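We did not get these values from a lab; they are worked out from the coordinates using the rules stated. Source: prediction; values computed, not measured. A quick note on method: Cβ atoms are made from the backbone with ideal geometry, for glycine too, and the neighbour counts reach across all protein chains shown.
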Amino acid sequence: MTKSPEGHAASDGFTLIEIIVTVVVGAVLGALIVPFLSKALTASSEPIQRLSSAMDLKLVVENIIEKYEQDPTDLASLKSAIGAEDSTQNNSYGSYEVVSNRYIKFSGYNDTTITGGDPENLLKVTVRSTDTGETVTTLFYKES
């Protein structure tokens, strides 16, 4: 064993106090980081679930548009195939809630529901995702 000039034994390792301080600092930092990381890890799938629901709603609207494009002169059958307002549907278009499904006309900057005698040539359809509550509105025009 080598001796220092003062006559004490030379130390090649850490003291017990240094080790205890290091463990305590590590534990405190770990306790601060764990809540942050646990929230990040448990919530990491939420954006993917929202995207999946948005894509499901997009598919519903695309299926409705496909039906419209087959016969753009027949808005009445499209309106009945979509379903009644304030109803939940699970059909060939997909799973959705019908918020609005009515004939409208524009008066200034607002749309108003068609009353008797007006031509039924503009159909407003608003559907909502049953999962997220996201809505999509589409207008269909009756071609002559």
Cβ-based net charge around ASP74, under 13 Å, with every Lys or Arg adding one and every Asp or Glu removing one: -1
Pull out the extension gain between VAL99 and TYR141, defined as 0.36 nm times the separation in residues minus the alpha carbon to alpha carbon distance; nm, one decimal. 13.2 nm
Mean separation of Cα contacts under 8 Å (at least 6 apart) over the residue count of the chain, i.e. the relative contact order in percent, is 18
Other-chain or far-sequence residues with amide H under 5 Å of ILE114's (modelled H): TYR103, ILE104, LYS105
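Expressed as a rounded percentage, what relative contact order does region 34-109 have, with Cα pairs under 8 Å and six or more residues apart?
Answer for region 34-109 is 23 percent.
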What distance in nm lies between label points placed 7 Å from Cα along the C-beta direction at GLU18 and THR113? 8.1
Excluding same-chain pairs closer than 8 in sequence, count the lysine pairs in the chain whose Cα atoms lie under 14 Å apart. 7
At q = 0.10, 0.16, 0.18 Å⁻¹, what base-10 log of I(q)/I(0) does the Debye formula yield for region 8-144 when every alpha carbon is treated as an equal point scatterer in vacuo? -0.52, -0.88, -1.01
Give me the number: length gained by fully extending ASN91 to VAL34, i.e. 0.36 nm times residue separation minus the C-alpha to C-alpha distance, one decimal in nm. 16.0 nm
